[in-house]
Every structure is written in C-alpha cells, then in structure tokens.
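**Student:** After the structure tokens below, expect a handful of questions from me.
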Amino acid sequence: MMKAELRGNATASIYLQNLSLFNTQQSSLSGALKGCLGSLDAACIEKLLLHCASALERSDVTLAQQVMWVLNNVASSTGDPNQRLTSWFLKALISRASRLCPTTVNFNGNGIVERRLMSVTELAVYVDLIPWHRFGFCASNSAIYRAIQGYSRVHILDFSITHCMQWPTLIDALAKRPEGPPSLKITVPSCRPPVPPLLNVTIEEIGLRLGNFAKFRDVPFEFAVLDDSTNVSESTNAFHFESILTQLSSLDLNLADDEALVINCQNWVRYLCDEPNGGDSQDVSLRDVFLDIIKGLDPNIVIVADEDVDLSEPSLASRITTCFNYLWIPFDALETFLPKDSCQRLEYESDVGHKIENIVSFEGFQRMERLESGNKLAQRMRNAGFLSLPFCEETVTEVKSLLDEHASGWGMKREEDTLVLTWKGHNSVFATAWVPSNGCEN
C-alpha cells in the first residue's frame with residue numbers, strides 16, 4: 001500500500017462539502033467517501049477508484065462520472081506522487097468510460113498518451129533513472145556469464161523491450177574473460193510489443209552499433225533478426241506473437257559442440273497471452289507454447305526478469321487494486337531525486353501511465369499488460385519442465401553494488417532461487433534463472 005498521503009487543502013474541503021450537487025446515486029457516492037472527509041489519502045483514493053470500476057462494470061456511467069468528478073479534483077500531473085498516480089488512473093477510467101458512452105463523459109484530458117521516439121543516448125539515460133531495468137540486466141548478465149564458462153561460442157536469443165540496452169555491459173565483461181572472449185551472436189525477433197520505451201532507430205541500426213562496440217572490445221560478434229515473412233501490421237499484436245512462435249518453432253540453430261545457447265526474457269513473457277488459445281480450457285496459452293518451444297531448444301540457461309505483480313485477473317476491480325498498490329513505486333522513487341517539472345520524470349511517468357491505461361481501459365486481446373508475479377511465473381516454469389538455478393554470491397554482490405548507485409530506498413532480497421528488487425521493502429522486480437529439467441546435468 002502506498003504510504004504517502006494527500007494533505008487536506010481548500011480545494012478538497014470545497015468539493016467534499018458539496019456532494020449535494022449530485023442529484024442521483026448520492027448515497028452510493030457518499031458511502032464511497034465515508035471516512036475520507038477532510039483529506040484524501042491513498043486508501044480513500046483507492047476506494048474511489050474501486051467504486052468507479054464497479055460502476056463501469058455495471059455500465060452505470062452516471063455514477064462513474066460522479067466519482068470521476070471527485071477524482072478529477074484530486075488528480076494533478078505535477079502534484080505529489082499520489083496525485084500524479086491518480087491522474088493516470090483517471091485518464092484510464094475516462095478512456096474506458098468513453099467507450100461505454102462517448103457523449104456522457106466530459107473531463108479535461110483523455111486516455112491517449114502521445115509517445116515520443118527516443119534516441120539511443122536518451123534511452124541509456126532513461127534506463128539509468130531508477131534500477132527498474134538495470135536490476136534485471138545486472139542479475140541476468142552475471143548469471144549468463146557464469147553459465148557460459150568454458151564455451152568458445154555463445155548464442156543469445158533476446159526477447160526484451162529495451163532495445164538491446166542490456167548487452168554492452170555483457171560484451172565488456174566477456175572482453176575481460178581470462179581465457180579470452182567467446183564469439184557472440186545475438187538474435188532478436190523482428191518485432192516487439194508496441195510499448196514504451198520507443199526508439200528512433202531500427203533494430204538493424206541497433207545491431208550495427210552493438211557490432212561496433214564489440215569490435216572495439218575485440219569480441220567476435222554477429223547480430224541477427226528472426227525472419228518475419230508475414231509482414232503483418234503492428235496493430236495485430238496477437239497475430240504477431242503467433243508469427244514469432246512459428247519462427248521459433250522452425251528455427252534451426254545448428255549449434256556447435258562448443259556453443260552455449262542463452263534464452264533471455266526481460267519484461268517480455270507478460271505480453272504473451274495467458275488465456276487458452278481458442279478459448280477452450282483444454283487449449284494451452286501462447287505463454288505456455290512459448291515456454292514449450294524454448295525448452296525444446298535445450299538452452300544452457302533461460303533468464304526471466306519482470307515486474308513482480310499479478311495483473312492477470314479478469315476482474316477490473318482486482319486489477320485496479322493491485323495496480324494502484326504497485327505502480328506507486330516508480331512515482332515515489334522518482335520523487336526522491338527529480339523535481340516535479342522534470343522532463344525526464346514526466347516522460348517516465350507517462351510511460352507508466354501508458355501501462356495503467358492498458359491495464360484499466362482494455363479487455364481481451366487488446367489488454368496486453370498481463371503480468372504475473374514471480375511466484376506464479378516460477379510455478380509456470382516448473383510446470384513447463386524447467387528447474388530453477390540459484391544466483392551465486394558474486395551475482396548478489398554485483399547487484400548490491402548497482403543498487404548502491406541509487407537512492408537508499410532500493411534494496412534486494414532472496415525468495416528461494418529468485419532475486420527481488422524492493423523499494424522501501426515492497427517487491428518491485430524479480431529475476432530468475434532456469435534450465436530444462438532434461439538438461440540439468442549441464
């Protein structure tokens with residue numbers, strides 16, 4: 001639960017004292033605000049969000065509009081972390097309500113977030129703001145480095161949303177390997193989920209830049225993109241993922257005896273639909289199909305890192321509760337070192353808002369953000385025939401060193417074989433390492 005509070009102010013007093021302006025469903029709205037008069041802390045905001053969600057699930061746009069009116073007086077894109085977070089939830093609720101009854105919802109703002117394409121330099125700064133991504137990079141690279149010891153060739157299948165930002169650090173580490181660097185090949189899919197951060201260069205250009213850096217560090221390097229002959233528009237996300245799975249299932253890696261295979265999944269598995277493909281409970285999901293395919297490739301190590309929260313529930317109210325009590329973390333963390341009007345902060349929060357909109361506003365295949373917690377993912381991996389690998393003490397030390405570069409609120413803990421990034425004690429991101437159960441002797 002978010003600990004920060006919204007202090008009572010003149011505006012709050014005015015609108016909380018004038019609920020009599022509503023002439024319908026007043027008792028229901030008043031019930032939602034019981035105990036919240038005078039100020040709205042996180043618990044009261046959550047109560048209002050749930051009340052609005054309940055109204056929308058019943059298609060009661062009138063009541064939903066009344067609750068949104070109250071939230072509109074709380075939300076501020078330049079306020080404290082609670083107000084900023086509330087502003088994005090309000091945009092998402094407005095977006096959802098406008099599809100139910102477009103003519104009845106009329107507030108300033110909308111649920112559409114304009115996306116800006118970043119340069120590679122800007123992206124590097126972006127991922128360095130807080131250790132949200134770097135935690136997974138650091139833990140994963142350390143585990144990969146140890147898994148490929150003794151191999152003269154390494155092939156990485158990279159499934160991530162951060163445009164290969166993970167790999168310069170690994171290339172640098174391989175260049176310093178006492179026995180000399182292995183030859184490194186990185187293969188990426190031809191498309192990625194249409195989610196932030198977005199880059200203003202092509203994946204081929206990224207490959208060229210990685211190649212130049214590897215050449216500078218004297219690491220033999222090859223970059224490949226999985227062929228996508230379907231040439232499908234990015235608007236058909238589900239079809240694109242099926243296309244990627246088809247490419248993977250027919251992939252002939254032709255690995256040499258001295259070649260290690262690494263499967264790297266950073267903030268990726270969540271975008272594979274977790275519902276049975278075809279709607280029949282006997283069918284398997286795209287997520288399970290993906291795990292089955294990569295298990296069949298017999299990798300030396302599989303890395304899965306993602307946000308440690310369960311947002312896969314079909315219930316809107318459940319998703320709002322979980323999302324509100326989780327996504328306060330980046331807002332609170334950014335508050336500790338960036339001014340309220342910082343462009344970097346506004347852009348980062350906007351990307352979190354993009355996620356909130358998808359979680360709250362959409363259903364079915366349009367709802368792409370389908371996170372599952374580290375514990376649920378671990379159970380899915382075990383069910384798919386994988387065994388977990390513990391992270392060694394050297395990896396733990398490297399991750400702790402990374403966190404020392406950031407605000408004191410960041411920490412790390414172990415949960416069985418999983419490493420978990422925390423903010424003020426709350427789980428944020430998990431990192432796990434796996435091997436196929438039939439290859440555990442490796």
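The values are calculated or read from the model by the stated rules, or taken from the named source; none is laboratory data. This one's a predicted model, so the numbers in the text were calculated from it and none came from an experiment. Note that each Cβ is placed from the backbone with ideal geometry, even for glycine, and that neighbours are counted across all protein chains shown. Ligands, DNA and RNA are stripped out before the accessible areas are found, and what is left, the full protein with its side chains, is counted by its heavy atoms. Shrake-Rupley method; radii C 1.70, N 1.55, O 1.52, S 1.80 Å.
**Student:** Can you find even one residue in the range 341-360 that is in a helix (DSSP H, G or I), among the hydrophobic types (A, V, I, L, M, F, W, C), within 17 Å of the chain's Cα centre (by Cα) and farther than 20 Å from W132 by Cβ? Spell out how you get there, then give the answer.
**Tutor:** Within the range 341-360, the first condition is being in a helix (DSSP H, G or I), and the residues that meet it are 343-360.
From what's left, among the hydrophobic types (A, V, I, L, M, F, W, C): 343, 346, 352, 356, 359-360.
Remaining after also requiring within 17 Å of the chain's Cα centre (by Cα): 352, 356, 359-360.
Retained after the next criterion (residues that are farther than 20 Å from W132 by Cβ): 360.
Checking the range 341-360: at least one residue is in a helix (DSSP H, G or I), among the hydrophobic types (A, V, I, L, M, F, W, C), within 17 Å of the chain's Cα centre (by Cα) and farther than 20 Å from W132 by Cβ.
**Student:** Go through (1) under 19 Å from the mean Cα position of the chain (by Cα); (2) surrounded by fewer than 20 Cβ atoms within 10 Å (Cβ to Cβ); (3) modelled with pLDDT of 95 or more for T187 and report which single condition fails.
**Tutor:** The one condition T187 does not meet is (1).
**Student:** In this structure, does E394 turn out to be in a helix (DSSP H, G or I), modelled with pLDDT of 95 or more and surrounded by fewer than 20 Cβ atoms within 10 Å (Cβ to Cβ)?
**Tutor:** Details: in a helix (DSSP H, G or I): yes; modelled with pLDDT of 95 or more: yes; surrounded by fewer than 20 Cβ atoms within 10 Å (Cβ to Cβ): yes.
When the stated conditions are applied, E394 passes them.
**Student:** Within the bounds of the range 366-389, is there any residue that is surrounded by fewer than 17 Cβ atoms within 10 Å (Cβ to Cβ), modelled with pLDDT under 95 and closer than 26 Å to T322 by Cα?
**Tutor:** yes
**Student:** Filter the range 302-355 for residues that are open to solvent by less than 10 Å² (accessible area, probe 1.4 Å) and of a type in the set (K, R); which is nearest to I94 (Cα to Cα)?
**Tutor:** R319
**Student:** Right, next: Considering only residues that are β-branched (V, I, T), at pLDDT 85 or above and under 29 Å from R287 (Cβ atoms), which ones fall in the range 207-243? If you could, list the steps in order and put the result at the bottom.
**Tutor:** Of the range 207-243, the ones β-branched (V, I, T) are 219, 225, 230, 232, 236.
Filter once more, so that each one left must be at pLDDT 85 or above: 219, 225.
V225, the sole residue that qualifies.
**Student:** Still on this structure, I have one more. Determine if the range 314-327 includes at least one residue that is farther than 20 Å from P81 by Cα and part of a loop (DSSP other than H, G, I, E, B).
**Tutor:** Initially, the range 314-327 is screened for residues farther than 20 Å from P81 by Cα, giving 314-318.
Retained after the next criterion (residues that are part of a loop (DSSP other than H, G, I, E, B)): 314-315.
Looking for residues that are farther than 20 Å from P81 by Cα and part of a loop (DSSP other than H, G, I, E, B), one finds at least one in the range 314-327, hence yes.
**Student:** Here is a further query. Among the residues of the range 403-442, what is the count of those that are at pLDDT 95 or above, over 22 Å from L327 (Cα atoms) and open to solvent by less than 40 Å² (accessible area, probe 1.4 Å)?
**Tutor:** 4
**Student:** Another question, then. Does G180 fit the bill of being outside any loop (DSSP other than H, G, I, E, B) and at pLDDT 95 or above?
**Tutor:** Numbers: outside any loop (DSSP other than H, G, I, E, B): no; at pLDDT 95 or above: yes.
No; evaluated as a whole, the condition is false for this residue.
**Student:** Within the range 165-175, identify whether any single residue is open to solvent by 20 Å² or more (accessible area, probe 1.4 Å), out of contact with any Leu (no Cβ under 9 Å at 6 or more places or on another chain), closer than 26 Å to I244 by Cβ and assigned to a loop (DSSP other than H, G, I, E, B), and answer yes or no. Don't jump to the end; show me each part of the working.
**Tutor:** As a first pass, look at the range 165-175 and keep what is open to solvent by 20 Å² or more (accessible area, probe 1.4 Å): 165, 168-169, 172-173, 175.
Right, trim to out of contact with any Leu (no Cβ under 9 Å at 6 or more places or on another chain) and you get 169, 172-173, 175.
If we keep only those that are closer than 26 Å to I244 by Cβ too, we end up with 169.
Filter once more, so that each one left must be assigned to a loop (DSSP other than H, G, I, E, B): none.
Within the range 165-175, not a single residue is open to solvent by 20 Å² or more (accessible area, probe 1.4 Å), out of contact with any Leu (no Cβ under 9 Å at 6 or more places or on another chain), closer than 26 Å to I244 by Cβ and assigned to a loop (DSSP other than H, G, I, E, B).
**Student:** Give all pairs with beta carbons closer than 7 Å in which a residue from the range 72-96 that is of a type in the set (S, T, Y) meets a residue that is part of a loop (DSSP other than H, G, I, E, B) and open to solvent by less than 40 Å² (accessible area, probe 1.4 Å); count only pairs at least 6 apart in sequence or on separate chains.
**Tutor:** Pairs found: T86/A75; S87/A75; S87/S76; S95/G111.
**Student:** If you don't mind, another one. Just to be sure, is V399 in a helix (DSSP H, G or I) and crowded, with 20+ Cβ neighbours inside 10 Å?
**Tutor:** Values: in a helix (DSSP H, G or I): yes; crowded, with 20+ Cβ neighbours inside 10 Å: yes.
Spelling it out, V399 is indeed in a helix (DSSP H, G or I) and crowded, with 20+ Cβ neighbours inside 10 Å.
**Student:** Let me ask another. Given the condition small (G, A, S), modelled with pLDDT under 90 and outside any helix (DSSP H, G or I), answer yes or no: does some residue in the range 21-36 qualify? Give the derivation first.
**Tutor:** Taking the range 21-36 first, the residues small (G, A, S) are 27-28, 30-32, 35.
Keeping just the survivors that are modelled with pLDDT under 90 gives 27-28, 30-32, 35.
When the remaining residues are screened for being outside any helix (DSSP H, G or I), the result is 35.
So far as the range 21-36 goes, yes, one or more of its residues are small (G, A, S), modelled with pLDDT under 90 and outside any helix (DSSP H, G or I).
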